[in-house]
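Values in this text are rule-based calculations from the coordinates and carry no lab data. These figures come from a predicted structure and were not determined experimentally. Methodologically, a virtual Cβ is constructed for each residue, glycine included, from the backbone with ideal geometry; neighbour enumeration extends over all protein chains shown.
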Amino acid sequence: MTSSTETRLTPGQRLTRGLAHTAAGPVDITRGAVGLSANAVAAAVAGARQRYRDSQLRKELADAQTALTRELSTAGEVLAELPESFREARANRRTSKRPWIIAGAVAGTLVLGGAAFAFVRRNTQPEPSPRPPSVQIDPKP
């Protein structure tokens, strides 16, 4: 028994074999030439496809770079206007007397509360009696 394992020939090998063997030559030469042409066309198409993808990538990168430049310039303008915005905000802020009024009211309340506490405390202490004590203060031994 013989095993039949046939290896496929590449188009270049087929062309070489066709030129070497003249009996099957015209068929092999034709098949070899067609195969080489098909490989060349496939390689050209693959190269064109790769160049197209690269050009698309370049376009996308250029668009992204343009957008990034635009965003950075906008951010720069905002940062440049920031001190002026702070100045305008401070100028528009009106100076109010309200904190001083509240502080005065709190201070007044504390003073009046302290005076009322002192007055009430003084009035709640009993006055000393003019009569002598009814019990002896000094203990006897």
* Could you state the orientation-averaged shadow area of the convex hull built on the Cα atoms of region 11-92, in nm² to one decimal? => 7.1 nm²
* Helical contribution to [θ] at 222 nm, DSSP H n ≥ 4, -39,500 (n - 2.57), averaged over the chain, rounded to 500 -> -27500 deg cm²/dmol
* Filter the trypsin sites (Lys or Arg not before Pro) in region 40-141 down to the DSSP loop ones having no more than 12 other Cβ atoms within 10 Å, then list what survives. => Arg93, Arg94, Lys97
* **Length added when fully stretched, Ser55-Ser73, from 0.36 nm per residue minus Cα-Cα** => 3.8 nm
* **P(r) histogram, all alpha-carbon pairs of the chain included - 5 Å bins from 0, percent** => 2, 7, 5, 5, 5, 4, 4, 4, 4, 4, 4, 4, 3, 3, 3, 3, 3, 3, 3, 3, 3, 3, 3, 3, 2, 2, 2, 2, 2, 1, 1, 1, 0
